[in-house]
Amino acid sequence: MASQSTPGVYIQEISTLPASIAAVETAIPAFIGHTATAEKDGESVRGVPTRITSMLEFEAIFGKANPETFTITVEDTYDAEKGTTEKLINRKITATPPPDPSPYKLYYCLQMYYNNGGGPCYIVSVNDFNNLPAKGDSATATSILGGLEALKAIDEPTLYVFPDVIEATLPETTGTVYKDIYDAALAQCELLKDRFVIIDVKDVTSDPFDDATNFRSNCIGSSNLKYGAAYYPNLKSSLNYAYDPTALTITHTSTYPSDPVLIEAGAQDTLPLEASNDADPSVLKNEPSLYRSVIAEINKSYITLPPSGAIAGIYARVDSQRGVWKAPANVDVRSIISPSKKVSHEQQANLNVDATSGKSINAIRTFTGKGTLVWGARTLAGNDNEWKYVPVRRLYIFIEESVKKATEFVVFEPNDANTWLRTKTMIENFLSKLWRDGALAGAKPEQAFFVKVGLGQTMSAQDILEGRLIIEIGMAAVRPAEFIILKFSHKLQES
């Protein structure tokens, strides 16, 4: 306020409202894997966490999926009695997908993420498609672990997704590379306490029990389990394989020796699907309708993907529509045909609860009349009553991070009753709103949470002398109704 040495009217504004807590984002995944390119504004972003908001932005920076090679054949049958090619009586077109498709699925998983409700996310491109390590090669772990380490300095991501890991280490029986990556991710989440890991369970046998046993015994450690959730099985998506038309060829066979439809004089029986230049022979040049038929046949093949990309999108969708405290379960999975295998009610009993290891696995199941649903909401710490459920763990991460960021202004403030009251009021207001939104259980706010701070309550005189301001917060988080029990009995006639 100006000096009051001159007669006049002076205005002084008095702050009566407490500081507020801004809610942090809860579903910002980071995808770590391989991409075709990694260049933004003329500079390489290989190994650099890069924020994007759409598939268009991803393609502009990182390119598209690794193109696959199809085996394409066209078999023409002519009427032998005619003796000419004027009477084509049958044409059979086959487009066989590759028996061993590219192990790198980041592009497709990102499509599943956006199709299932995803928004902003981070991409860490650790390598391209021209430097593919052999399956099981420790180089995969080294590069992906490097991408994980780069994310440690980035504050915004809240979820980790590794779409390339499950395929890149498929032949391993012990799961060493797979285990190294996920154990490192869980350890980083425990260190930072502001993020969570979505884990793909290896879907490599015909029996869910065998896959679950292998996962629990060989593919994940026993530490930091509350910071991750595992999902099973893989998903048969409605996405088509990527391919390069100029790199695909059609092998043509015919019952007529000099078929002019595809084969010109002196031409080979194998032609490119699409010409790379005007001088090249191609089906597109000779018969456009056949080209369209071949493309249609190629698009009948659909890619099978690990579930993590779709699950990350479901996390984002549920958080936006209901809140981070709502379990991301009993929710439909979009852009899929079906799970890769059917998990029965009895089989899920073993996935959901394991008395020995406690490592719960969330099943994705198909129900008649409902479609394919996520049918589980447990963390890996399935036997931990405190951190058994995904929404409870993620709610605490959300509140802890929001309160942490909002209370940074208190650093170097006087450690006295005025500061204590201001901070306590700010936190209570934030938690009251969450209680009204349904995030906390209790008929009254005092039954839903408490905030304690003060000398003789949370701090001693020594704490104050050493500059410590200690706030104790307790919350009753809502928990999902996982088991609905309906009790029926006979009532005797009374009249």
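Observations
- Residue identified as of a type in the set (D, E) and modelled with pLDDT under 90 among E466, E494, E472: E494
Each row is one residue, and each column tells you yes or no for (1) assigned to a loop (DSSP other than H, G, I, E, B); (2) not assigned by TED's automatic domain parsing to the domain that holds A327.
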{"position": "T37", "(1), (2)": "yes, no"}
{"position": "G47", "(1), (2)": "yes, no"}
{"position": "R51", "(1), (2)": "no, no"}
{"position": "E57", "(1), (2)": "no, no"}
{"position": "E75", "(1), (2)": "no, yes"}
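- Members of region 288-322 that are surrounded by fewer than 21 Cβ atoms within 10 Å (Cβ to Cβ) and closer than 19 Å to G228 by Cα: R317
Per-residue answers, yes or no, for (1) on the phi < 0 side of the Ramachandran plot; (2) among the charged types (D, E, K, R); (3) out of contact with any Pro (no Cβ under 9 Å at 6 or more places or on another chain):
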| position | (1), (2), (3) |
| --- | --- |
| A441 | yes, no, yes |
| E446 | yes, yes, yes |
| L465 | yes, no, yes |
| E472 | yes, yes, yes |
| A477 | yes, no, no |
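- Consider region 144-178 and keep the residues that are in contact with a Pro (Cβ under 8 Å, 6 or more places away or on another chain) and at pLDDT below 85. The one that is farthest from A312 (Cα to Cα) is L170.
- Those residues of region 45-57 which are small (G, A, S) and at pLDDT 95 or above, in sequence order: S54
- So A65, is it in contact with a Lys or Arg (Cβ under 9 Å, 6 or more places away or on another chain), assigned to a loop (DSSP other than H, G, I, E, B) and either in contact (Cβ under 8 Å) with a residue 40 or more places away in the chain or surrounded by fewer than 16 Cβ atoms within 10 Å (Cβ to Cβ) (or both): yes
- Selection over region 467-495 of residues that are surrounded by 10 or more Cβ atoms within 10 Å (Cβ to Cβ) and farther than 29 Å from T379 by Cα gives a count of 3.
- Number of the exception - I337 against (1) out of contact with any strand residue (DSSP E or B) (no Cβ under 6 Å at 6 or more places or on another chain); (2) outside any helix (DSSP H, G or I); (3) touching a residue at least 40 places away in the same chain (Cβ under 8 Å): (1)
Rundown of residues vs (1) assigned to a helix (DSSP H, G or I); (2) closer than 30 Å to K404 by Cα; (3) at pLDDT 90 or above, yes/no style:
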site: T84; (1), (2), (3): no, no, no
site: T94; (1), (2), (3): no, no, yes
site: P99; (1), (2), (3): no, no, no
site: Q111; (1), (2), (3): yes, no, yes
site: G119; (1), (2), (3): no, yes, yes
site: F129; (1), (2), (3): no, no, no
site: G136; (1), (2), (3): no, no, no
site: T142; (1), (2), (3): yes, no, no
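- Inside region 378-402, residues that are aromatic (F, W, Y) and under 19 Å from A312 (Cβ atoms) make up a count of 2.
- N383 of a type outside the set (A, V, I, L, M) and in the same structural domain as G323 (by TED's automatic domain parsing): yes
- Condition met for T26 (under 30 Å from Q321 (Cα atoms) and in a loop (DSSP other than H, G, I, E, B)): yes
- Residue in region 313-322 that is modelled with pLDDT of 90 or more, more than 26 Å from Y107 (Cα to Cα) and among the acidic types (D, E) present: no
- Matching option when the condition is under 17 Å from the mean Cα position of the chain (by Cα), at negative phi and of a type in the set (S, T, Y), among T379, T407, T366: T379
- Count - residues of region 215-228 that are over 26 Å from Y302 (Cβ atoms) and buried (at least 17 other Cβ atoms within 10 Å of the Cβ): 8
- With respect to the conditions (1) under 28 Å from V411 (Cα atoms); (2) touching a helix residue (DSSP H, G or I) at 6+ places or on another chain (Cβ under 6 Å), A477 falls short on a single one, namely (1).
- Between I295, I314, the distinction of being among the aliphatic types (A, V, I, L, M), assigned to a helix (DSSP H, G or I) and in the same structural domain as L110 (by TED's automatic domain parsing) belongs to I314 only.
The values are calculated or read from the model by the stated rules, or taken from the named source; none is laboratory data. These numbers come from a predicted model, not from an experiment. Backbone-built Cβ (ideal geometry, glycine too); neighbour counts: all protein chains shown.
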